[in-house]
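Trainee: First the structure, which I've put down as structure tokens, then a few questions once you've had a look.
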Amino acid sequence: MNAIDRRRFMQLAGGTAAMSVLSTSIARAAEIPANRRTGSLRDVEHIVVLMQENRSFDHYFGSLRGVRGFGDPRPVTLPSGKPVWYQSDGTKDVLPFHPTASNLGLQFIQDLPHGWNDTHAAFNNGKYDKWVPSKSATTMAYLTRDDIPFHYALADAFTICDAYHCSFMGSTDPNRYYMWTGYTGNDGSGGGPVLGNDEAGYSWTTYPERLEKAGVSWKIYQDIGDGLDANGSWGWIDDAYRGNYGDNSLLYFDQYRNAKPGDPLYDKARTGTNAKAGDGFFDILKADVKAGKLPQVSWIAAPEAFCEHPNWPANYGAWYISQVLDALTANPEVWSKTALFITYDENDGFFDHIVPPHPQSGRSTADLTNELLTPSGSDTHVAGPYGLGQRVPMLVVSPWSKGGWVNSQVSDHTSIIRFMESRFGVHEPNISAWRRAVCGDLTSAFDFAKTDTKVPALPDTSGYLPPDGNRHPDYVPTPPANPTLPRQEAGLRPTRPLPYDLAADGVVTSAGHLSVTFTNPGDAGATFHVVSTTDSNGPWTYTVEPGRRLSGDWTFSGDYDFSAHGPNGFLRQLKGHIPGPEVSARHEGDKQQVRLVLTNAGPATVRLTITDGYREERPATYRLRPGARVVHTAHTDGSHGWYDLAVTSDHDTAFLRRLAGHVETGRPGVSDPSF
């Protein structure tokens, strides 16, 4: 173990500029305009990816204003009938809680189980109710702005994605394989599928190889530790304050392991700084930026202590991120053409309340090849979907994404490759048809027509420099005896336009049969997650591509209660006891309104009442005779396009049709006022 003092950390950072985020280089960058050569994606000349470790979205940002966090008004219902926040340990409920330790952002909070089997146990075939038994009560711990002010300041200054998921329900390496290759060898080729951190040596083609073949420049920025070879453990060493923590997962591929100096795979993926010999972590990155030699595509791998993997403190990572920003802005001209993606490979064992979109056999218009694992023989992995995994933070930091925006298009690690595809035209065939249908390419997080030329001041991170070079014991928080739901910060946030336009219309027949048609007239595919408090056979998922539709059918006796959840707060709840009236809904984006069609197929006259959950309009009542039909228009301009409508009947006290979501207009908007 090397003892490293604060002076040495300043040297590793490349000089005294490490003591202030708002360094001279960032101040210079603030004075130049963003690159606007074409006003399009082509203005991005450099893509940089910093993938940190093991934090969920709710764990970091559940309390941030204007995102789908703890204030979500439409959470999934568990089989217990309670909202998803109420995770039972078998005897009592554990809710999201804020640990009581002081200076929480510098606490060494415990690492949790995060493998394939324990994650699928928590997921529980979509029931999503075994988080505490599978991960421990610490799974429900979360941080706030006071704990991680630098992370929150980045979100407030740039763009945060609140529907970005890790790719795989499990550990680090498979998730990073999705980021670097589009999958984890799901088809069995080249040594796959890889379901854990086996690092045995694989041979399928990686995306950097495709970039190399296409003539697109690329590079990995990292510290070499004791050497990026087998003798140096490929950068994975005992000293947490050097090396790359094994996070350059390209080094688990034989073509990189066998490469020699002079080979691009060696020169671009197996070289880096040498902190052991006195280099600073950012010397090479900063030199390339200053010289105007930053590649078109770059990835950064941090040493263990700075990658935010528990039990390492979140704010050690904040210090590292601040130095990356300082390096990238060392040359204002380069920064004006650069997009930086800061994300996390997986969620560790930390809870996130959004059930991730995932495929189910027979319930998708998109091909599910390579998306469902069916173990055979002596394989101890349980069957289930590869992903998507839980939400993880994604911050889009660039001259085209400033202003404190939130982007809510569903994405995952393959979306990073697809952004590169969109910019440089290099196709990745390993990305499945299902993922291409469900996940976006991150271009919706940018506004290339309008740019902000200022680089905002960010909190100083000099106080986050590690005081020593040691490992420290776990901090294990204790949940409160009397839990309460956490409160989310008040306030709105500007939102990026989304490509969604979804519908889910139900019909109940006298034979105790419910049929729901899922329709997608929008421009992006979506997965509907259906839960029921009256049918224990679920949940069910339905993936519908643009311009397609699917139907789901259920039988019931007595009461029925089904809810369909979709992206960006979409909800349709169908509840009742007997056949009778039905409601269908369509968005009218050009008018920012919802058009409801109410029909009465029952034998008796009914009185239907429509109540607006945002209280923008007074309740409306319609009297429908048998066979009658009426159209109701709900205006949403007063609630920024958000709606939450409840239709009730005087003929069936159990009857409810709840319709909620957002009407997209193709223009920027505002976050849900009900958060």
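Trainee: For I160, all conditions in the list (1) among the β-branched types (V, I, T); (2) in a helix (DSSP H, G or I); (3) in contact (Cβ under 8 Å) with a residue 60 or more places away in the chain hold save one; what is the number of the exception?
Mentor: Here I160 clears every test but (2).
Trainee: When residues of the stretch 387-444 are filtered for being over 13 Å from the mean Cα position of the chain (by Cα) and closer than 18 Å to D156 by Cα, how many remain?
Mentor: 10
Trainee: In the stretch 43-86, what residues are assigned to a helix (DSSP H, G or I) and surrounded by fewer than 23 Cβ atoms within 10 Å (Cβ to Cβ)?
Mentor: Filtering the stretch 43-86 for residues assigned to a helix (DSSP H, G or I) gives 43, 57-61.
Matches in the stretch 43-86: D43 only.
Trainee: So, in the stretch 87-110, how many residues would count as being in a loop (DSSP other than H, G, I, E, B), closer than 30 Å to G463 by Cα and not hydroxyl-bearing (S, T, Y)? Spell out the reasoning first.
Mentor: Here is the first cut: in the stretch 87-110, the ones in a loop (DSSP other than H, G, I, E, B) are 89-92, 95-96, 98-103, 107-108, 110.
Restricting the remaining residues to those that are closer than 30 Å to G463 by Cα gives 96, 98-103, 107-108, 110.
Then drop every residue that is not not hydroxyl-bearing (S, T, Y), which leaves 96, 98-99, 101, 103, 107-108, 110.
The number of residues fulfilling the criteria is 8.
Trainee: Filter the stretch 114-144 for residues that are of a type outside the set (K, R), more than 19 Å from V392 (Cβ to Cβ) and either assigned to a loop (DSSP other than H, G, I, E, B) or in contact with a strand residue (DSSP E or B) (Cβ under 6 Å, 6 or more places away or on another chain) (or both) and give the result.
Mentor: D129, V132, S136, A137, listed by residue number.
Trainee: Within the stretch 347-382, count every residue that is within 30 Å of T519 (Cβ to Cβ) and either in a loop (DSSP other than H, G, I, E, B) or β-branched (V, I, T) (or both).
Mentor: 19
Trainee: Pick from the stretch 595-649 the residues that are acidic (D, E) and over 31 Å from the mean Cα position of the chain (by Cα): which of them is surrounded by the fewest Cβ atoms within 10 Å (Cβ to Cβ)?
Mentor: That would be E616.
Trainee: Being of a type outside the set (S, T, Y) and either more than 23 Å from N331 (Cα to Cα) or in contact with a strand residue (DSSP E or B) (Cβ under 6 Å, 6 or more places away or on another chain) (or both) is the requirement here; does G225 meet it? Talk me through it step by step, then tell me what you get.
Mentor: On the way: of a type outside the set (S, T, Y): yes; either more than 23 Å from N331 (Cα to Cα) or in contact with a strand residue (DSSP E or B) (Cβ under 6 Å, 6 or more places away or on another chain) (or both): yes.
It is true that G225 is of a type outside the set (S, T, Y) and either more than 23 Å from N331 (Cα to Cα) or in contact with a strand residue (DSSP E or B) (Cβ under 6 Å, 6 or more places away or on another chain) (or both).
Trainee: Could you go through the stretch 237-260 and let me know if any residue there is in a loop (DSSP other than H, G, I, E, B), more than 24 Å from T343 (Cβ to Cβ), open to solvent by 10 Å² or more (accessible area, probe 1.4 Å) and touching a helix residue (DSSP H, G or I) at 6+ places or on another chain (Cβ under 7 Å).
Mentor: yes
Trainee: How about the stretch 292-315: which of its residues are in a helix (DSSP H, G or I) and open to solvent by 10 Å² or more (accessible area, probe 1.4 Å)?
Mentor: Initial filter on the stretch 292-315 (in a helix (DSSP H, G or I)): 304-306, 314-315.
Passing the criteria: only E304.
Trainee: Tally time: how many residues in the stretch 203-233 are in a helix (DSSP H, G or I) and either surrounded by 24 or more Cβ atoms within 10 Å (Cβ to Cβ) or at pLDDT 95 or above (or both)?
Mentor: Within the stretch 203-233, the subset in a helix (DSSP H, G or I) is 207-214, 233.
Filter once more, keeping what is either surrounded by 24 or more Cβ atoms within 10 Å (Cβ to Cβ) or at pLDDT 95 or above (or both): 207-214.
Summing the residues that are in a helix (DSSP H, G or I) and either surrounded by 24 or more Cβ atoms within 10 Å (Cβ to Cβ) or at pLDDT 95 or above (or both) in the stretch 203-233 gives 8.
Trainee: Report yes if some residue within the stretch 336-356 is open to solvent by less than 20 Å² (accessible area, probe 1.4 Å), in contact (Cβ under 8 Å) with a residue 24 or more places away in the chain and over 25 Å from F57 (Cβ atoms); otherwise report no. First the steps, then the outcome.
Mentor: Restricting attention to the stretch 336-356, the residues satisfying the condition of being open to solvent by less than 20 Å² (accessible area, probe 1.4 Å) are 336, 338-353, 355-356.
When the remaining residues are screened for being in contact (Cβ under 8 Å) with a residue 24 or more places away in the chain, the result is 336, 338-353, 355-356.
Now drop any that are not over 25 Å from F57 (Cβ atoms), which leaves 336.
Among the residues of the stretch 336-356, at least one is open to solvent by less than 20 Å² (accessible area, probe 1.4 Å), in contact (Cβ under 8 Å) with a residue 24 or more places away in the chain and over 25 Å from F57 (Cβ atoms), which makes the answer yes.
Trainee: Out of curiosity, is M169 farther than 24 Å from S411 by Cβ, touching a residue at least 40 places away in the same chain (Cβ under 8 Å) and within 18 Å of the chain's Cα centre (by Cα)? Break it down stepwise before answering.
Mentor: Values: farther than 24 Å from S411 by Cβ: no; touching a residue at least 40 places away in the same chain (Cβ under 8 Å): yes; within 18 Å of the chain's Cα centre (by Cα): yes.
For M169, the condition - farther than 24 Å from S411 by Cβ, touching a residue at least 40 places away in the same chain (Cβ under 8 Å) and within 18 Å of the chain's Cα centre (by Cα) - is not met.
The values are calculated or read from the model by the stated rules, or taken from the named source; none is laboratory data. A quick note: this is a predicted structure, and the numbers were derived from the prediction, not measured. Cβ coordinates were reconstructed from backbone atoms using ideal geometry, including for glycine residues, and neighbour counts include every protein chain displayed. Just the protein is used for accessible areas: all its heavy atoms, side chains included, with ligands, DNA and RNA removed. Shrake-Rupley method; radii C 1.70, N 1.55, O 1.52, S 1.80 Å.
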